[in-house]
Amino acid sequence: MKVPHRSRRAAGKLAVKGVAERTQPAASKIHFLWAKQMGQAGSVGKTSLLQLRALVERVREAPGVQLYDAVEAGVPTDVVKMIAKATGEPASVIMGLAGVSQTTFVRNEAANRPLPDVAGHRIMAYLRLLATLSRMLDESGDPEQMKTFDLEAWFARWVHEKLPELGNKTPADMLRNPEGQRAVEQVLERMRGGLAA
């Protein structure tokens, strides 16, 4: 029995629709690493700073498999906005650092979907660098000086500086792949003891 031409076309559309529905990522539960810890501060900026510090501490303490799972689950758009507020950077700068266009960001935010995995890798690298700095300061810094040192503001400036050790690239440029991320970590390790400026 022959299927009329129109019916075959309709059947094809249904088949394509079924494939599209199966390939769309399902809205998943947010990984616990990305869950916000609301601070008790009065201002929005301070709350964001406390949230960022809590997130960096979770990254610092988490085993590698949990960091992997968090990236695989996807980075919520709220994390990018929180980093921007906490560091005083425009959200567009953090989106650029994550390798996400504003269009993609807005579309994912409206659909309540996490950012693409490329963004997840870069955001995790950013957080791991902050965690490395935090650990270095704890190990080698003067506790009194560290009370007034604004790590997040220093890092937000430093990550956009061209460094000779990185071939005159910025640390932000180097977050694009794991080898670049390792190179930035090596620069930080060599800077140990001379951060607070």
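Can you tell me which residue within the range 143-159, out of those that are part of a loop (DSSP other than H, G, I, E, B) and touching a residue at least 24 places away in the same chain (Cβ under 8 Å), is surrounded by the fewest Cβ atoms within 10 Å (Cβ to Cβ)? Looking at residues that are part of a loop (DSSP other than H, G, I, E, B) and touching a residue at least 24 places away in the same chain (Cβ under 8 Å), I get Phe149. When the range 132-142 is filtered for residues that are open to solvent by 10 Å² or more (accessible area, probe 1.4 Å) and within 21 Å of the chain's Cα centre (by Cα), the ones remaining, listed by number, are Thr132, Ser134, Arg135. Give just the number: which of (1) under 18 Å from Leu33 (Cα atoms); (2) surrounded by fewer than 21 Cβ atoms within 10 Å (Cβ to Cβ) does Glu109 not satisfy? Failed condition: (1). The combined condition, being surrounded by fewer than 21 Cβ atoms within 10 Å (Cβ to Cβ), under 17 Å from Leu175 (Cα atoms) and at pLDDT below 95, is fulfilled by Val93. So, in the range 36-61, of the ones that are modelled with pLDDT of 85 or more and open to solvent by 80 Å² or more (accessible area, probe 1.4 Å), which residue ends up nearest to Leu127 (Cα to Cα)? Restricting to residues being modelled with pLDDT of 85 or more and open to solvent by 80 Å² or more (accessible area, probe 1.4 Å), the top hit is Arg53.
The values are calculated or read from the model by the stated rules, or taken from the named source; none is laboratory data. Predicted model, so just to flag it, every value in this text is computed and none were measured. Note: ideal-geometry Cβ built from the backbone for every residue, glycine included; neighbour counts use all protein chains shown. Side chains included, ligands, DNA and RNA excluded: accessible areas come from the protein's heavy atoms. Shrake-Rupley method; radii C 1.70, N 1.55, O 1.52, S 1.80 Å.
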